Amino acid sequence: MKLIQITVQVDGEAAEAVSGVFNRYGKGGAVLEQVWTGPRSAPVLRIKTFLTADESCSLGRIEEALWHLGQIYPIGTPEVRWLEEHEWADAWKAGYKTLKIGRRVVIKPSWMEHVPGPDELVIELDPGMAFGTGLHPSTQLAVLGTEQMVRAGDRVLDVGTGSGILAILAAKLGAGSVIGLDNDALAVDVAGQNIERNGVQGQVEARLASLLPDSVNGCGREPELFDSSGKWRAAFDLVLMNILADVISRSARAISDCLNSEGRFVLAGIIESQEGPLRRALTEVGLRVTTRRKRKDWIALYGRKASKGEPR
């Protein structure tokens, strides 16, 4: 049986958007290959996915989705070629490399060897690593914030967990328990596999749910998280969100409600032009920003719940 290989070249900022398309339609998800990184430029990447012959109808859907993404990101023309089935395994694995993001985090495919440095935290993410590769500036900022904000024994909520990278990192940094929420069933499945792969299933659980309790067919109304009126219990020490800024704004009250009195947050996925309105939404619900970080046009805000009586 022959397989169709689709390859597209992008920069790091577009990689996760393209990978989301490939994960949805492709056999084995997306494969990322770093082509070149200059000293002052974003990485150049090739992203591949594969289709069986009887899935060839998905090729049109992929090309249409890439066209729409191309209106937002610089995306190269897709290259399509046929492979024999025995070529697929080697082609699928060929693009993966060990990546280091932040000061300590190393993302490693399971079949590759890596001897960790004394301070490195190694996370294995495959085959669904495209849900959170560390290539996008917002993911890098979220990783840096997680490193900074996690404390030993914390109860952590990771909203929009994707690959589970932040949830797994929090556990490896010493969090006592972590719940990862995502409203994409495929992402929850990938996160669950990665949680087991990294040996943190005793600390981390991935659930199909949203921070807003009614937004995913009622998912997320577990008694341990919500009271009888549907409000979040103040149960968490830290909330992590690497997601769209408008979703963070709409979730501001829920973030505040689910944090305990000394709770902290890491919020990423924010375009600079969205920062002002988001800060106002956070302030209105008693959340205080203490740290601001920027990479390219992306912003991350780290902070804490305001103390009782503290001016907003």
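The values are calculated or read from the model by the stated rules, or taken from the named source; none is laboratory data. Since we're looking at a predicted model, the values are computed, not measured. Reconstructed Cβ throughout: ideal geometry from the backbone, glycine too, with neighbour counts over all protein chains shown. Calculation scope for accessible area: heavy atoms of the full protein, side chains included, ligands and nucleic acids excluded. Shrake-Rupley method; radii C 1.70, N 1.55, O 1.52, S 1.80 Å.
Of everything listed in (1) open to solvent by 30 Å² or more (accessible area, probe 1.4 Å); (2) in contact with a strand residue (DSSP E or B) (Cβ under 8 Å, 6 or more places away or on another chain); (3) outside any strand (DSSP E or B); (4) modelled with pLDDT under 80, the single unmet condition for residue 54 is (2).
Closer than 29 Å to residue 297 by Cβ, at pLDDT 85 or above and assigned to a helix (DSSP H, G or I): does that describe residue 66? Here the answer is yes, as residue 66 does meet what is asked.
One line per residue, one yes/no per condition, for (1) at pLDDT 95 or above; (2) over 18 Å from residue 238 (Cβ atoms); (3) outside any loop (DSSP other than H, G, I, E, B):
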| residue | (1), (2), (3) |
| --- | --- |
| 122 | no, yes, yes |
| 127 | no, yes, no |
| 130 | no, yes, yes |
| 135 | no, yes, no |
| 141 | no, no, yes |
| 147 | no, no, yes |
| 152 | yes, no, no |
| 156 | yes, no, yes |
| 163 | no, yes, no |
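Being out of contact with any Cys (no Cβ under 8 Å at 6 or more places or on another chain) and within 19 Å of residue 154 (Cα to Cα): is that true of residue 256 here? Yes, satisfied.
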